[in-house]
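Only one structure is covered here, and it is reproduced in the block below.
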Amino acid sequence: MERADGLILASRRVRLEPLTLEHVPALVAAINEDPDSFRYSTAPDTESAMAEWVRAALDARDAGRELPFATYSSPVGFRIDARNDRSRSAVERLGAKFEAVRRAEQLGADGVVRDSAFSSILAAEWPAVKEGLISRLGSRC
């Protein structure tokens, strides 16, 4: 059942909208853009498997067990499996600052209870981070 009111939650930093099957291609594209970043994620990387995964989330919503949303966010916060050194290093190279590790935060894709590392880029830091990204990408464009 789709929400009749089309509930969308939004701020300057994030937009949440009810998850639908229409989100499947964008979700798969995001995962396949950098598969190593999603190595510890439970989300599948093919359209058929993602559609099944989204249908399961929608079934759980209809049963009243979950409220799945698609999330669109600005580059302000990162939650990374603490074991994923490659992603943690990449986020630091972007200019994000490491904040903390929350221990035993959630179940990882491999079935192990994982710690999550949190990093962020504050609004005041964004102009310098953006300039650095443009400078780095400028030589590739």
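Diffusion coefficient of segment 1-74 by Stokes-Einstein, Kirkwood radius over Cα pairs, 4 °C, 1.567 mPa s: 98 µm²/s. Computed over the chain with a Gaussian network model linking Cα atoms closer than 10 Å, the most mobile of ALA117, ALA51, ALA90 is ALA90. With a cut-off of 11 Å between beta carbons, the residues surrounding ASP110 carry a summed charge of +2, where Lys and Arg count +1 and Asp and Glu -1. Based on the Kirkwood approach, the hydrodynamic radius assigned to segment 75-141 is 13.0 Å, with every pair of different Cα atoms included. Of all the options SER37, SER120, SER89, the one that moves most in a Gaussian network model of the chain with Cα springs shorter than 10 angstrom is SER89. The radius of gyration of the Cα set in the chain, together with its Dmax, comes out at 16.9, 51 angstrom. Ordering GLU22, GLU47 from the fewest to the most neighbouring beta carbons within 10 Å gives GLU22, GLU47.
Per-residue ellipticity at 222 nm computed for the chain from its helices equals -11000 deg cm²/dmol, with DSSP H segments shorter than 4 residues left out and the rest contributing -39,500 (n - 2.57).
Taken together, the values in this text are just the output of simple stated rules run on the coordinates, not laboratory data. From a predicted model like this one, the values you see are computed outputs, not experimental measurements. Heads up, the Cβs are rebuilt from the backbone with ideal geometry, glycines too, and the neighbour counts pull from every protein chain shown.
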